[in-house]
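Engineer: Can you keep this structure in mind? I'll have questions shortly.
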Amino acid sequence: MGESLSTKIETIKVCHTLLQSPQFFQFLVQIDTDLAAQMHASACQCGGVLHRANYPRKPKACPEEVLFEFQSRWSFCCNLCRKRSTPMSVRFLGRRVYVALAVVVLAVKRNKINAATTLAGEALGVPERTSARWRQWWLQVFGATALWQAQCARFIPGVELTELPQSLMARFTGTAHEARRMLGRLEWTE
């Protein structure tokens, strides 16, 4: 049911620490690399070969140590029909300029319990209006995305959609190793 105040505060502290962890961002790059390799190994629906055709990105809220690896959104293009194929990504959420981790962590409601969220948002230069828009996306759109529809059954008991993204973040608590293992177990495919 409900989680304790200390659990909520600890979850927030761990998540904000991840925003500054190059090792965690490298882990996200590795997951995306694996997803891209899987897609590249498959043929296009028309039978053509997929060639790399990355999208340039200018990510915000990304540590300098891994910035170079976040400056491309990996994608492929068929040599016959020219259809674009872009694998799922744990680094980016759609076309947002902020890295996915920031969209998750900074979308948490800013209140007394989540003072760390306010501080992190200010440090990263994320306006409150942007965070509010992200919160709205989590509550109104995320539940209908292909990613969530494919993954929601992996969370037992179910994640409370009216409390996103906090309810999802709470599932990745524990040691950093345990949280990474849980993230790596998810199938990031369409």
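Engineer: For the stretch 52-67, how many residues are of a type in the set (A, V, I, L, M, F, W, C) and touching a residue at least 60 places away in the same chain (Cβ under 8 Å)?
Structural biologist: 1
Engineer: I want to confirm something. Restricting to the stretch 13-63 and keeping residues that are among the polar types (S, T, N, Q) and not in a loop (DSSP other than H, G, I, E, B), which single residue is modelled with the lowest pLDDT?
Structural biologist: Thr17
Engineer: I would also like to ask the following. Would it be correct to say that Val103 is out of contact with any Lys or Arg (no Cβ under 8 Å at 6 or more places or on another chain) and either surrounded by 15 or more Cβ atoms within 10 Å (Cβ to Cβ) or hydroxyl-bearing (Ser, Thr, Tyr) (or both)?
Structural biologist: no
The values are calculated or read from the model by the stated rules, or taken from the named source; none is laboratory data. Owing to the predicted nature of the structure, the values given are computational and were not obtained by experimental measurement. Counting neighbours? That spans all protein chains shown, and the Cβs are built from the backbone with ideal geometry, glycine included.
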